[in-house]
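One structure below.
The values are calculated or read from the model by the stated rules, or taken from the named source; none is laboratory data. Predicted model only: the values in this text are computed from it and were never measured. So basically every Cβ, Gly included, is an ideal-geometry build from the backbone, and we count neighbours across all protein chains shown. When the accessible area is computed, the model is the full protein with side chains, heavy atoms only, and any ligands, DNA or RNA have been set aside. Shrake-Rupley method; radii C 1.70, N 1.55, O 1.52, S 1.80 Å.
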Amino acid sequence: MSIAPEQVQAPATDAVLFRSSPVRTFVVVFVLLMVSFGLVSPIVALVSGGTGNPWWHTAIQAGAISLLASGCYAWSIRGALTTWVRVSSGGLELAAQGSDPILLAWADISAVVVRRVGLRSVLEVTPVDLDRVHPVQDEDLGGPPMSETADVPAFTADLSELWPGPRALRRELDRRMS
């Protein structure tokens, strides 16, 4: 189980916390499923000749299915993997997809990129040297996932479920990196 940001002292008092939210995930998935039902149901009714039920029967069924599916996803293994990013004058702390948090001082970061990969937003943090990455809790149990970017390894985090959102994180990172 990963460490919650409340269990870790922030490296500076001006820290801004971004974290994944199961409630936000639930709402987003629920709305997407309801919109899909709303768009697909009339087409299916037209092609099949209709069921003879009033429209509100379909809406109730769509709501029940969306509620169940959204709840299952939000509290499933994927939805339960917490991600948090804390940005402060002391550096960048990152715990991605249930990993143990790491701390990188701004001088130890070569590049930070927030980019889109399909429907997801992804954070890539490229350290100057992997030896300058510090585990937040003096234990090296495993940091965030890594990927190869331009011949160097980078820490990656899925920001799709992050709140207040990838745009706000990008603005905060731009402010700190400049």
query: What does the convex hull of the Cα atoms of the stretch 109-178 come to per residue, in Å³, rounded to a whole number?
result: 116 Å³
- request: Please list the non-local residues whose amide H lies under 5 Å from the amide H of Trp163, H modeled 1.01 Å from N, same-chain partners needing a gap of 5 or more.
  value: Arg19, Ser20, Ser21
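Apply the membrane-span-like helix rule to the chain: whole DSSP H runs, Cα extent along the own long axis of at least 24 Å, mean Kyte-Doolittle hydropathy at least 0.0. List the helices found. Display every interim value, and only then the final one.
Details: long enough: 22-48 (37 Å, 2.16); 55-74 (28 Å, 0.76).
Qualifying helices, which must be both long enough and hydrophobic enough, are 22-48, 55-74.
Counting only protein heavy atoms and using a 1.4 Å probe, what share of the accessible area of the stretch 90-153 belongs to carbon plus sulfur, as a whole percent? Before the final figure, lay out the partial values.
On the way: 1700 of 3330 Å².
Taking all protein chains in place, the stretch 90-153 shows 51 percent carbon and sulfur surface.
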query: Which one is right for this structure if mean projected area of the Cα convex hull in nm² is calculated from it: (1) 12.7; (2) 19.8; (3) 9.9?
result: (1)
- request: Please work out the average accessible area per residue across the stretch 2-127, using the 1.4 Å probe convention, and give it in Å².
  value: 54 Å²
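Can you pull out the chymotrypsin sites (Phe, Trp or Tyr not before Pro) in the stretch 75-178 whose DSSP state is coil and whose Cβ has at most 15 other Cβ atoms within 10 Å?
Numbers: sites: Trp75, Trp84, Trp106, Phe155; in loops: Trp75.
Sparse-neighbourhood loop chymotrypsin sites (Phe, Trp or Tyr not before Pro): Trp75.
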- prompt: If you project the alpha carbons of the stretch 100-150 onto the principal axes, what extent comes out on each, in Å, largest first?
  reply: 36, 22, 17
message: Quick check: at a probe of 1.4 Å, how many percent of the accessible area of the stretch 7-84 sits on carbon and sulfur atoms?
response: 74 percent
